[in-house]
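*Asks:* Below are the structure tokens for one structure; questions will follow.
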Amino acid sequence: MAASSPAKAPRMRGDQLRRFYWLLVMPAVLMMVGLYFFPLAKVLWISVTEPVPGIGNYAKLITSESVHKVLIVTLRICVITTAVTLVLGYVLSYAMVQAKGAWLRGLTFFVLLPLWISVLVRAFSWVTLLRSNGVINQALLSAGVISEPLTLLRNEFGVIVGMVHYMVPFAVLPLYSNMRGIDLRLIAAARLLGASPWRAFRRIFLPLSLPGVVASGVLVFIFSMGFYVTPALLGGGRVFMIAEYIGVQITQTINWGLGTMLATLLLVCILTLMALLGRIVDMRKLFGAA
Amino acid sequence: MPMTKVQSFQEDCAVLAQEKLARGKLTRRQFNQVMTALGVVGASGLLADKAMAQAAKEIVMVNWGGVAKEGWEKFYAAPFEAKNPGVKVTVDTSGPSTGKIRAMVESKKVTWDVIDASVTSAILLGGMDMLEPIDYNTVKISDMMKGFAYPFGAGPYSFSNVLIYDASKFGNDPPKSWVDFFDFKKYPGKRMLRRDANCMFETLLMGDGVPMDKVYPIDVNRGLEMLKKVRKDAVYWQSGTESEQLMRTGEAVMGVLWNTRAKILQEETKGKLKFTWNQGIIQPTCFSIPKGNPAGPLAQQLIASTCANVDGQVGLLGFLGNGPTNPRAAEKVPADLKQFNPTDPANAKLQLVFDGEWWGKNYNDVNQKYLDTVAG
């Protein structure tokens, strides 16, 4: 006690300190309440008051075939996108962990590069590559691999290609930061004890990297659910996902009740996933805090 | 401009003019001719109005952006300002989407006076009590072609959904109707449709053999059945640029698109791509007034002026390809432009006039069904 009291003396008392901290964050809190939570609450409010008060909009989750279809399509595309992105992201992150010097810089650069290119530009580039008389089909046709152009665009395949391309960096970043924390000497030790390379990877590296996989997976899945531009352009009207569906309800047909209900649903799904994610991994670490 | 939602014709005009300007195809000749005419109007108007000494007033017109702003300023705003000194007409390009108008009117913070809306959204918003009715004592009904004046909107320009085809493939026996359009045996290849129910049900029904005068009221189920038969052989456009692109790259051999875009393709490809007015679906735009607009009844006068101004309408036809809606305008159209004027008597008689009343009542429901069926 005697040793610690001189250090404590100039400080504020615990609850004073806490009050001071609250004061510091107050402007940010007020701004969030006024500009974010209040409008958000209004959106929730519309979903239970329009066109008539009640839960009629939410009943559409069960009764409306159109809503079913958009939910199923969205879910299917998000699951496939997440799975493919994780596999690609895992391989890339693994390579980055092993790489050194110029290789590492090169890999990092090419992983991050797409992040700096507009999503519109990327979608249009895919159109050029994938369309029936596009670069890929022309090449395959002239090489004699195929006799009829493949349908690579204006279907779910095209949308998934575009979405995976967008999402890979978001999968790599948490995976890489997780893998870098793994002590590679453990693999060496396993090898020394007679494990094959594959066995050492499967029994040691893979389990240690699982938190990164889960974090990446949830992140990618959450992002995928809100995709708007990519499905609209690469789906060519044939792939109708939830974000675009909400857009139509809000701006075009002013069916605000249905639109806000789906927006609420999307929000609830995302918050649930975030909560799950928070239980599995340290969120602060994931978003870059030391 | 976001490319993600279905683009309206009104939005497309803005993009179109920009593209034309970029390609250096915009002729200033018609522009200058009309401006000279306007100058005369301006001088005489000035004398008459000096005595009126109107208080300075601003009217905000809202369209969908791009160089269409320039066209509006010269053909709509300037003539009105010349006749009404002290009134300033501003062209805002933020895009008056149905959702935005609703939000604005409901929050009672209306900052716009005249909006460029589609017939469908004018009727939709009018039905929700969000628009001022058009005052047909101010706007002269005799300035509007038959079927183009709506309770909540009166527009000075029109456009049409027309059939375009690849004449290098089908030039010997070109398609003449929507029945031909959907005849995949006779005309093999992909079709291009619009990803919006508006005008597509008319196309589908006529394609299924419904005569032009029996299209309305639309048999929605029959239209959807027809769509199910053809949807696999079709690509869908959402914006005017996209409709051009799909035809230009040959992804579709035949398509439905706006006449403004069809004209560009026909001229650019020197007739390899050709369009026909046969069974086209023609509709006016709607200039509408959001409820509680700041300039009040002055907005009615501005709409009246644009609908009465024949020279302005002809000028805009040369500028963007939009058809005049004043029945006296067609004869003033220069001979070389007549073939591209949707409301030229020779072209108009081949087309179906869009039934905005039906669409205003049914658009929401029918469009959702259409989009769902396209997605299959």
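The values are calculated or read from the model by the stated rules, or taken from the named source; none is laboratory data. Just so you know, these numbers come straight off a predicted model, no measurement behind them. Please note: Cβ atoms are built from the backbone with ideal geometry, for glycine as well, and neighbour counts cover all protein chains shown.
*Asks:* Would you please name the residue that is surrounded by the most Cβ atoms within 10 Å (Cβ to Cβ), looking only at residues in region B:338-376 that are β-branched (V, I, T) and either closer than 17 Å to B:Y216 by Cβ or away from chain A (no Cβ under 14 Å) (or both)? Before you say what the answer is, go through the steps one by one.
*Replies:* First, the residues of region B:338-376 that are β-branched (V, I, T): B:343, B:353, B:366, B:373-374.
Right, trim to either closer than 17 Å to B:Y216 by Cβ or away from chain A (no Cβ under 14 Å) (or both) and you get B:343, B:353, B:366.
Numbers: B:T343: 26, B:V353: 18, B:V366: 21.
Only one residue fits best here, namely B:T343.
*Asks:* Starting from region B:119-133, take each residue that is within 13 Å of B:P151 (Cβ to Cβ) and of a type outside the set (S, T, Y) and list its partners that are modelled with pLDDT under 90 and assigned to a loop (DSSP other than H, G, I, E, B), counting only C-beta distances under 7 angstrom and pairs at least six apart or across chains.
*Replies:* Close Cβ pairs (under 7 Å, with a partner that is modelled with pLDDT under 90 and assigned to a loop (DSSP other than H, G, I, E, B)) amount to B:L124/A:I254.
*Asks:* Right, A:I254: free of Cβ contacts under 8 Å to residues at least 40 places away in the same chain, assigned to a loop (DSSP other than H, G, I, E, B) and either within 9 Å of chain B (Cβ to nearest Cβ) or of a type outside the set (A, V, I, L, M, F, W, C) (or both) or not? Step through it out loud before you land on a result.
*Replies:* Details: free of Cβ contacts under 8 Å to residues at least 40 places away in the same chain: yes; assigned to a loop (DSSP other than H, G, I, E, B): yes; either within 9 Å of chain B (Cβ to nearest Cβ) or of a type outside the set (A, V, I, L, M, F, W, C) (or both): yes.
Here the answer is yes, as A:I254 does meet what is asked.
*Asks:* Please go through region B:80-111 and give me each residue that is within 15 Å of B:G65 (Cα to Cα) and facing chain A (nearest Cβ under 10 Å), ordered by number. If you could, list the steps in order and put the result at the bottom.
*Replies:* Pass one, region B:80-111, residues within 15 Å of B:G65 (Cα to Cα): B:90-97.
Within region B:80-111, B:G95, B:S97 qualify.
*Asks:* Of the residues A:G212, A:G217, which is away from chain B (no Cβ under 14 Å), touching a Pro at 6+ places or on another chain (Cβ under 8 Å) and assigned to a helix (DSSP H, G or I)?
*Replies:* Details: A:G217 fails: touching a Pro at 6+ places or on another chain (Cβ under 8 Å).
Unique residue meeting the criteria: A:G212.
*Asks:* Return the pairs, sorted by first residue and then second, in which the second residue is assigned to a helix (DSSP H, G or I) and of a type outside the set (A, V, I, L, M, F, W, C), the first residue lies in region A:118-131 and is facing another protein chain (nearest Cβ under 10 Å), the beta carbons are less than 6 Å apart, and the residues are 6+ apart or on different chains.
*Replies:* From region A:118-131, the pairs are A:A123/A:G162; A:A123/A:T230.
*Asks:* Hey, does region A:266-280 have a residue that's within 14 Å of another protein chain (Cβ to nearest Cβ), of a type outside the set (F, W, Y) and in contact with a helix residue (DSSP H, G or I) (Cβ under 7 Å, 6 or more places away or on another chain)? Before you say what the answer is, go through the steps one by one.
*Replies:* Going through region A:266-280, the residues within 14 Å of another protein chain (Cβ to nearest Cβ) turn out to be none.
Looking through region A:266-280, none of the residues is within 14 Å of another protein chain (Cβ to nearest Cβ), of a type outside the set (F, W, Y) and in contact with a helix residue (DSSP H, G or I) (Cβ under 7 Å, 6 or more places away or on another chain).
*Asks:* What helices (runs of 4 or more DSSP H) completely inside region B:221-337 contain at least 1 residues that are away from chain A (no Cβ under 14 Å), more than 24 Å from B:Q7 (Cα to Cα) and in contact with a Pro (Cβ under 8 Å, 6 or more places away or on another chain)? Before the answer, list the steps.
*Replies:* On the way: elements: B:240-248, B:259-268, B:298-308, B:310-320.
Fully inside region B:221-337 and qualifying: B:298-308, B:310-320.
*Asks:* Another question, if that's okay. Within region A:55-103, can you find the residues that are in contact with an Asp or Glu (Cβ under 7 Å, 6 or more places away or on another chain) and at pLDDT below 95? Show your work before the answer.
*Replies:* Kept after step one, since they are in contact with an Asp or Glu (Cβ under 7 Å, 6 or more places away or on another chain), are these residues of region A:55-103: A:66, A:69, A:77.
Selection gives A:S66, A:K69.
*Asks:* Can we say B:P342 is assigned to a loop (DSSP other than H, G, I, E, B) and either assigned by TED's automatic domain parsing to the domain that holds B:M128 or free of Cβ contacts under 8 Å to residues at least 12 places away in the same chain (or both)? Show your work before the answer.
*Replies:* Values: assigned to a loop (DSSP other than H, G, I, E, B): yes; either assigned by TED's automatic domain parsing to the domain that holds B:M128 or free of Cβ contacts under 8 Å to residues at least 12 places away in the same chain (or both): no.
It is false that B:P342 is assigned to a loop (DSSP other than H, G, I, E, B) and either assigned by TED's automatic domain parsing to the domain that holds B:M128 or free of Cβ contacts under 8 Å to residues at least 12 places away in the same chain (or both).
*Asks:* Return the total of residues in region A:148-159 being buried (at least 23 other Cβ atoms within 10 Å of the Cβ) and assigned to a helix (DSSP H, G or I).
*Replies:* Step one: list which residues in region A:148-159 are buried (at least 23 other Cβ atoms within 10 Å of the Cβ), which gives A:153-154, A:158-159.
Filter once more, so that each one left must be assigned to a helix (DSSP H, G or I): A:158-159.
Total meeting the criteria: 2.
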